[in-house]
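The values are calculated or read from the model by the stated rules, or taken from the named source; none is laboratory data. Just so it is clear, the model here is predicted, and its values are computed rather than measured. A quick note on method: Cβ atoms are made from the backbone with ideal geometry, for glycine too, and the neighbour counts reach across all protein chains shown. To get the accessible areas, we keep the full protein, side chains included, count just its heavy atoms, and leave off ligands, DNA and RNA. Shrake-Rupley method; radii C 1.70, N 1.55, O 1.52, S 1.80 Å.
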Amino acid sequence: MKYISTRGQAPALGFEDVLLTGLASDGGLYVPEYWPQFTLEEIATWRGLSYAELAEKIITPFVGEAIPQNDLRQILHDTYQGFDHSAVAPLTQLDSNQWVLELFHGPTLAFKDFALQLLGRLLDYLLARRSEKAVIVGATSGDTGSAAIEGCRHCDNVDIFILHPHQRVSEVQRRQMTTVVADNVHNLAVQGNFDDCQAVVKACFQQQDFLQGKARLVAVNSINWARIMAQVVYYFYAALAVGAPQRSVAFSVPTGNFGDIYAGYVARNMGLPISQLLVATNRNDILHRFMANNQYSKEDLSPTLSPSMDIMVSSNFERLLFDMYGRDGAAIDQLMTSFQQQGTLTVEPWRWELTRQLFDSCSVTDEETCQTIGDAYRNCQYKLDPHSAIGVRAAMTCQRDQQIPMITLATAHPVKFPEAVVRAGLSSPELPDSMADLYEREERYTVIENELAVVQSYVAKYARPLN
């Protein structure tokens, strides 16, 4: 399997190099040169497999010969053995043909554990084989940072620097990052918003000489293809549980950066019968404005009760645009250059209409989010976090076909966002036993200016040398 850039100018790479590269040298994102295909008959034989066994079936075509099969099998087993539910991603029914896929049973109580627990193990495995070191510079609006740190804290060959917007993540999210005390873990609280953090990270990848050859720079955000690859698995897992592939399935996905729902798009391209993918957003709704009105444009960021989706620009959307334009890298390069200059883009109506055959969208206010949290508890005794509540609200509002199971991705445990739960009139969620002492743990982080040179200087100073 080779991977190509969405902007068409970077060299094609194999899985190992894509994992260790992240952003393509031309500024684009790597995608597979073709989509692996599974028949409905083959998918049907996977019913009853454990999560790790299913992951091996789906991930193997993307990895190819880069990792021996027995080693990959062991890495996947170790990754998901650490989740606190034997099903790894259990389903809960909320209403007739309305389901919630619980993706918060990993060590940091968020869906990003599915990819980042795997990514850390893959990185350490490949770096050890190559006798190399890596520096991760990542941006987080909350959950990515803690999941990445947890996935890499024990890595011998990785130093990790996570940028989060200062005072703009929940206390639980912050403490999950800043209370990890390890020589290879560095938390930077940037005086700006998430998009500022993400812009710094992208600039670091475009100007890597600041490391002075000390180590290679690796992406941990969802621009890294391995993140998307790992998330594809739970679409298959959930769909099989409700009757696929003999029946179609629909998904509602709380998303700000378009990575999680893009994984659903990949699953459909691989043969999973998905009839509808529903983009569920808060009032920072650039994706909804595109899906509803063919208008992808920057607006001022508004803080909400669902901060992990407080994003102005969705990085992974470029991957969808690449397919919308027939995988024409030159066209995407021109389109994204224009977007950077003008802050807005539209596509030809026929391209947009084709996309709308699969995608719908919904923007949900804070008030509607709290109402949905309260309704779910009154009706089912089930507590939703605000992001998952947005997904449920969208599912209830925009389900095209009541006969097709609608599965909402529950992306985080409600304890990570107690403000929204309390505002919904419910008691504050309790920390699980594994985190009972979180508020007593010592924090360690550095507040830093929103300046590329300042961040690069800090990373270069504290990154460990190759030997």
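Along its principal axes, what span do the Cα atoms of region 414-467 show, with the longest given first and each in whole Å?
50, 27, 17
Give, to the nearest whole percent, the P(r) tail of region 83-232 beyond 19 angstrom, counting all Cα pairs.
Considering region 83-232, 55 percent of its Cα-Cα pairs are separated by more than 19 Å.
Percent of Cα-Cα pairs more than 21 Å apart in region 239-361, please.
Beyond 21 Å sits 40 percent of the P(r) for region 239-361.
Quick one: if the Förster radius is 25 Å, what FRET efficiency do Tyr439 and Glu419 give, using the C-beta to C-beta distance and rounding to 0.05?
0.95
Could you list which residues have their amide H under 5 Å from that of Leu94, counting only those 5 or more apart in sequence or on another chain, with H placed in the peptide plane?
Trp99, Val100
Any idea of Cys362's accessible area? Nearest 10 Å², probe 1.4 Å.
Answer for Cys362: close to 20 Å² accessible.
Once the Cβ-Cβ distance between Arg153 and Gln191 is put in as r, and R0 is 35 Å, what FRET efficiency do you end up with, to the nearest 0.05?
With R0 = 35 Å, the Cβ-Cβ based efficiency is 0.85.
Can you run phi through the Karplus equation (6.51, -1.76, 1.60; θ = phi - 60°) for region 423-435 and list ³J(HN,Hα) in whole Hz, with x for Gly and Pro?
5, 7, x, 9, 6, 5, x, 9, 5, x, 3, 5, 10
Which shape class, rounded, prolate or oblate, goes with region 163-218 when its Cα gyration tensor gives a ≥ b ≥ c as root eigenvalues, a/c under 1.5 marks rounded, and past that a/b bigger than b/c marks prolate?
Judged from the Cα gyration tensor, region 163-218 comes out oblate (a/c at least 1.5, b/c at or above a/b).
So what is the accessible area of the chain per residue, in Å², with the probe set to 1.4 Å?
Accessible area per residue: 37 Å².
Would you tell me the accessible area of Tyr265, worked out with a 1.4 angstrom probe on the heavy atoms of the protein chains, in Å² to the nearest 10?
Estimated to the nearest 10 Å², Tyr265 gives 30 Å².
Restricting the calculation to Cα positions, tell me the Rg (one decimal) and the Dmax (whole number) of region 238-310 in Å.
Considering region 238-310 through its Cα atoms, Rg and Dmax are 14.2, 44 Å.
Any idea how far apart Glu299 and Asp71 come out in nm if each label point goes 7 Å out from Cα toward Cβ?
Here the modelled spin labels are 4.8 nm apart.
Going out from 0 in 5 Å bins, what whole percent of all Cα-Cα distances in region 313-450 drops into each bin?
Here the calculated profile for region 313-450 is 2, 8, 12, 13, 12, 12, 13, 11, 9, 6, 1, 0.
Please report, as a whole percent, how much of the solvent-accessible surface of the chain comes from carbon and sulfur atoms (probe radius 1.4 Å).
Ligands and nucleic acids excluded, carbon and sulfur reach 45 percent.
Bin width 5 Å, alpha-carbon pairs only: give the P(r) of region 328-374 as whole percents, running from 0 to the bin holding the largest distance.
Values per bin, smallest distances first: 5, 15, 14, 16, 15, 13, 10, 8, 4, 1.
What's the extension gain from Gln403 to Ser96 if we count 0.36 nm per residue and subtract their Cα-Cα distance?
109.6 nm
Which value in nm describes the separation of the simple spin-label points at Gln371 and Arg130, placed 7 Å from the Cα toward the beta carbon?
5.2 nm
By DSSP, what percent of the beta bridges with both residues in the chain are antiparallel, rounded to the nearest 5?
25 percent
At 1.4 Å probe size, with no ligands or nucleic acids counted, give the accessible surface of Glu299 in Å², nearest ten.
We get 100 Å² for Glu299.
Can you pull the Kirkwood radius for region 174-307, inverse mean 1/r over Cα pairs, to one decimal in Å?
17.8 Å
Based on C-alpha coordinates, I'd like the Rg and Dmax of region 209-253, in Å.
Here Rg and the maximum Cα pair distance are 17.8, 55 Å.
Report the Rg/Rh value for the chain, based on alpha-carbon coordinates and the Kirkwood definition of Rh.
Checking Rg against Rh, the ratio lands at 0.93.
On a full-extension model of 0.36 nm per residue, what is the gain between Thr45 and Ala87, subtracting their alpha-carbon distance, rounded to one decimal in nm?
Taking Thr45 through Ala87 to full extension adds about 13.3 nm, to one decimal.
Rank Tyr458, Val447, Pro429 by how far each Cα sits towards the positive end of the charge dipole of region 390-467 (+1 on Lys, Arg Cβ; -1 on Asp, Glu Cβ) and give me just the farthest.
Tyr458
I need the calculated FRET efficiency for the pair Ala330 and Ala453, taking r as the beta carbon distance and R₀ as 22 Å, to the nearest 0.05.
Using R0 = 22 Å, I get an efficiency of 0.10.
Output ³J(HN,Hα) for region 181-186: one whole-Hz value per residue in order, computed from phi by the Karplus curve 6.51 cos²θ - 1.76 cosθ + 1.60 with θ = phi - 60°, and x for Gly and Pro.
Each residue of region 181-186 in turn: 9, 8, 5, 9, 10, 9 Hz.
Label points 7 Å out from Cα along the Cβ direction at Lys461 and Thr337: separation in nm?
Inter-label distance under the simple model: 3.8 nm.
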